[in-house]
Amino acid sequence: MTHPTGAPTARRIDGWSRCLLSMSLVVTALFANVGYAQLEITVRGGTERAIPIAVVPLQGNNAGDPVDVSRIVSNNLERSGLFDPLPREDMLEKPATPEDLSLRNWRTLGVEYVVFGQLRANNVVRFHLVDVFKGERLMAYDMPAPRQVEQLRYTAHDVSDLVFEGITGNQGVFNTRIAYVTSTGAGDNQRFRLTVADADGYNPRVLVRSNEPIMSPAWSPDARQLAYVGYANGRSAIYTIDIASGDRRRVISEPGINGSPAWSPDGSKLAITLSYEENPDIYVLDLNSGQKRRLTTHWGIDTEAAWSPDGERLVFTSDRGGAPQIYRISASGGSPERLTFDGRQNLRASYAPNGEKLVLVHQSDRGYQIALYDLQRDAILPLTDGRLDESPSFAPNGQLVIYATKGASGTELATVTVDARVRQNLRQAGNVREPVWSPFLDAR
Amino acid sequence: MQVRNIVIPAVLALFMAACGSTAERDSTAGQTTVGDSSTRDSSAQGAGDQDRGSAKPLPMSEEERQQQQKRQLMQNNTVYFEFDSSDLSSEAQNTVRAHAEFLINNPDMNVRLEGHADERGTREYNIGLGERRAQAVARVMLSRGVSSDQFEIISYGEERPAALGSNEEAWAKNRRVEIVYR
């Protein structure tokens, strides 16, 4: 099963490169903060069921080069929790072409898949993926590989996505991004930042800085914009910001609460929380017309709305029954239905990409943990065991959840696989919180 | 905005009285003996002018009294709540009533009721909780006769903690409404 040398991928890379080029110019000019401290990554969880793989250093990608493509691919696969990459020093050979490859060398080491290839002089990464036990080449691609550091990282992420999908059958999330909020200082010196970074924590770019709180970032479905909550002149407001240009728009600032923005799947509307009429209720704001429609009317706190992938329903948090629990309502209105009963509190639910599960914050006797809620089976499935875990967000392939947890020196970000088997922390100075995983950056 | 115009002279007068250096001696306060706490104007209390012997405090004008009252209120401008609750304790009600009385007597004064929550629970739910707490304070003010024009409500949820730390002591300090004069 040998794929033709990747025409569709090549086109995709070209489009992405153009986007990146224009973006990096603007972003560098606007924010000049590319060198900000990188997130440190620690894998904590079991590799016993992970797939043994070897990612051989590319011929032509020399030790002194600013980007080590195979190292990035190897790290990506390890972080997914599904792969156990072979350390470089344990490799018996470093093939560059299929002719160089000795299957026996890899079988001896128990490696099931080998990724190898070349960084060629004409700025192309040519790589091969071989199934060691079947002795079959699963794929071979030529990828355009500009030698600018950042863009070579993205090429490495594309290789990772192809390998991940070729072996697992699921789309990889290595070329996606995360947005998060940081808070530093205390009291009058407290400062807030809204940051976007690559999914592996690299290239953090500060989009917004403020002396006032920044909250609740939410990706637009095309991954070009974020909605978020800010404060100005003693009032909260919901803003949207174009990530490439930095252009910002205040979409609503009513008296009282303006919170919890969530984009509809078609990108035309925001579900939001407003309290100007009475107390916090869910509204749907049409971004083109500015018209808003009230969806819930209850004296309780209704907030944290999230759309189903088909846009037909929303789930939200309400304490109308006493303690906060998750409710579901049709996007056209009507009476909400309570979903969660297990646990003292359940809050901030959002749908998995396939719509079958919710990820939410679940209060048990031990505190607040991240859990899945299976909509078919009406069951809570705990994913984490922290005391104050919050803000869960699905990766766009539905296989990982990013969330915020209490670390030794403040709040930090972590990911967990949806089978709860592998967790990893992403450390950074200051309180890092409210991570949200971007959608896929383009359609394949 | 007459009050604003007299704030600076009033503060200056208090400052001078406290320093005791240029206080008028032949004022109507002449009969007040420094150090005689029973008759002394409280504006000079604790100002450390006993040693000087000769300084006498100014009498307190209505504006000064207002400023002083406001300062005292501002030292007690925070009310605290139980977990996931917006119920006001009797102590909290007394605090709010004192501010309400002051606002009724000073209708050109405005406050912002800033609602806060501890870090437990989600951030947006805590925004709702902070607002509910601020509204509980607002209801007491309205019931005492404060005009709704004199206050506004903002909720910061758990975003602006008064105390750092993940323990009951810090959480208790963070579940609060601050009455902030503007």
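Nothing in this text is a laboratory measurement; each read-out follows from the coordinates by a stated rule. These numbers come from a predicted model, not from an experiment. Don't worry about glycine lacking a Cβ; one is built from the backbone with ideal geometry, like all the others, and counts go over all protein chains shown.
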(message) Give me the one-decimal nm value for the distance between modelled label points at A:Ser335 and A:Thr97, 7 Å along each residue's Cα-to-Cβ direction.
(response) 7.4
(request) May I ask for the Rg/Rh ratio of region A:134-239, computed from Cα atoms with Rh as the Kirkwood radius, given to two decimals? (result) 1.15
(message) I need the fraction of alpha carbon pairs in chain A separated by more than 38 Å, rounded to a whole percent.
(response) 25
(request) When you have a sec, figure out the Kirkwood radius of region A:154-304 from all distinct Cα pair distances and drop it here in Å to one decimal? (result) 17.0
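Beyond 23 Å, how much of the Cα-Cα pair distribution for region A:177-437 remains, as a whole percent? Can you show the working numbers first?
Numbers: 16662 of 33930 pairs.
The answer is 49 percent, as a whole percent.
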(message) Skipping prolines and chain starts, which residues have an amide H placed within reach, meaning under 5 Å, of the one on A:Val132, given they are 5 or more residues away or on another chain?
(response) A:Tyr113, A:Val114
(request) Restrict the search to region A:312-392; then list the chymotrypsin sites (Phe, Trp or Tyr not before Pro) that DSSP places in a loop and that have at most 12 other Cβ atoms within 10 Å of their Cβ. (result) A:Phe341
(request) Could you work out how far helix A:69-79 tilts from the main Cα principal axis of chain A, as a 0 to 90 degree angle to the nearest 10? (result) 50
(message) Along the Cα→Cβ direction, 7 angstrom out, place labels at B:Ser143 and B:Asn76. What is the inter-label distance in nm?
(response) 1.9
(request) Using the Cα centre as the reference, give the magnitude of the dipole from point charges on the C-beta atoms of chain A (Lys, Arg: +1; Asp, Glu: -1; all else neutral), rounded to the nearest 20 debye. (result) 540
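Okay, helix-only estimate at 222 nm for chain A: each DSSP H run of n ≥ 4 adds -39500 (n - 2.57), divide by all residues, round to 500 deg cm²/dmol; what do you get?
Details: 4 runs with 62 residues, N = 444.
Rounded to the nearest 500, the figure is -4500 deg cm²/dmol.
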(message) Taking a ≥ b ≥ c as the square roots of the Cα gyration tensor eigenvalues, with a/c under 1.5 meaning rounded and otherwise prolate when a/b beats b/c, else oblate, which class fits region A:314-444?
(response) oblate
(message) Just to check I understand the Karplus step: with θ = phi - 60° and J = 6.51 cos²θ - 1.76 cosθ + 1.60, what whole-Hz values come out for region A:390-405, glycine and proline as x?
(response) 7, 6, x, 8, 5, 5, x, 8, x, 9, 10, 10, 9, 7, 10, 9
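Given region B:76-181, what percent of its DSSP beta bridges are antiparallel, to the nearest 5?
Details: 8 of 14 bridges.
Taking every DSSP beta bridge within region B:76-181, about 55 percent pair in antiparallel fashion.
When Cβ neighbours within 10 Å are restricted to other protein chains, what is their mean count per residue of peptide A:299-305? Don't skip to the end; give the middle numbers.
Working: counts 0, 2, 8, 1, 8, 6, 1.
Mean partner-chain Cβ count within 10 Å for A:299-305: 4.
Taking R0 as 22 Å, what FRET efficiency do you get between A:Trp299 and B:Phe83 from their Cβ-Cβ distance, rounded to the nearest 0.05? Please list the in-between numbers first.
On the way: r = 20 Å, r/R0 = 0.92.
FRET efficiency, A:Trp299 to B:Phe83: 0.65.
Kindly rank B:152-160, A:358-366 from highest to lowest mean number of other beta carbons found within 10 Å of each residue. The partial results should precede the final answer.
Working: B:152-160: 22.4, A:358-366: 20.7.
Output ranking for B:152-160, A:358-366: B:152-160, A:358-366.
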(message) To test your reading of the geometry: what angle, between 0 and 90 degrees and rounded to tens, separates the Cα axis of helix A:7-31 from the longest principal axis of chain A?
(response) 60
(message) Compute the helix-to-body angle for A:149-168: its Cα long axis versus the longest principal axis of chain A, expressed 0 to 90° and rounded to tens.
(response) 90
(request) Using the charge dipole of chain A (Lys, Arg: +1 at Cβ; Asp, Glu: -1 at Cβ; taken about the Cα centre), state which of A:Leu226, A:Val251, A:Ala331 has its Cα farthest towards the positive end. (result) A:Val251
(message) Apply the Karplus curve 6.51 cos²θ - 1.76 cosθ + 1.60, θ = phi - 60°, to the phi angles in region B:121-130 and return the couplings in whole Hz, x for Gly and Pro.
(response) x, 7, 5, 6, 4, 5, 4, x, 5, x
(request) For A:Lys134, go through the aspartates and glutamates and keep the ones whose alpha-carbon is under 16 Å away, minus same-chain ones fewer than eight residues off. (result) A:Glu112
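Within region A:316-390, which GluC sites (Glu not before Pro) sit in a loop by DSSP and count at most 15 neighbouring Cβ atoms inside 10 Å? Show your work: numbers first, answer last.
Values: sites: A:Glu337, A:Glu356, A:Glu390; in loops: A:Glu356.
Answer in residue order: A:Glu356.
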(message) Looking at chain A as a GNM with Cα springs under 10 Å, which of A:Gly322, A:Gly166, A:Gly259 has the largest mean-square fluctuation?
(response) A:Gly322
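Take peptide A:391-404, look around each residue's Cβ out to 10 angstrom, count Cβ atoms belonging to other protein chains, and average those counts.
Values: counts 3, 1, 0, 0, 0, 0, 0, 0, 0, 0, 0, 0, 0, 1.
Shielding by partners across A:391-404 averages 0.
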(message) Which one, A:Asp65, A:Asp374, A:Asp200, has the greatest fluctuation when you compute a Gaussian network model over chain A with C-alpha springs under 10 angstrom?
(response) A:Asp65
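Send over the Kirkwood Rh of region B:48-182, from the inverse of the averaged 1/r over different Cα pairs, rounded to one decimal Å.
Values: mean 1/r = 0.0624 Å⁻¹.
After inverting the pairwise mean of 1/r, the radius is 16.0 Å.
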(message) Below 9 angstrom from the Cβ of A:Glu277, what's the summed charge of the other residues (Lys, Arg +1; Asp, Glu -1)?
(response) -2
(request) Would you please report the Å³ per residue occupied by the convex hull of the alpha carbon atoms in region A:47-127? (result) 92
(request) Collect residues whose amide H, placed 1.01 Å from N in the peptide plane, falls under 5 Å from the amide H of A:Ser260; neighbours closer than 5 in sequence don't count. (result) A:Thr273
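State the extension gain, in nm to one decimal, for the chain segment bounded by A:Asp365 and A:Ala379, taking 0.36 nm per residue of separation less the distance between their alpha-carbons. Intermediate values should be presented prior to the final figure.
Values: separation 14, 0.36 × 14 = 5.04 nm, distance 1.74 nm.
Stretched out fully, the A:Asp365 to A:Ala379 stretch lengthens by 3.3 nm.
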(message) Starting from the 7 Å offset along Cα-to-Cβ, what nm value, one decimal, do you get for the label separation of A:Asp90 and A:Arg104?
(response) 2.1
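Quick one: dipole size for region B:76-181, taken about the Cα centre, charges +1 on Lys/Arg Cβ and -1 on Asp/Glu Cβ, in debye to the nearest 20. Mind dumping the intermediate values first?
Working: 12 positive and 18 negative charges, 35 e Å.
Roughly 160 debye, rounded to the nearest 20.
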(request) Evaluate the charge dipole of region B:100-147 about its Cα centre and quote only its size in Debye, nearest 20, assuming +1 on the Cβ of each Lys and Arg and -1 on the Cβ of each Asp and Glu. (result) 160
(request) With springs only between Cα atoms under 10 Å apart, run a GNM on chain A and tell me which of A:Ser80, A:Ser332, A:Ser318 wobbles the most. (result) A:Ser332
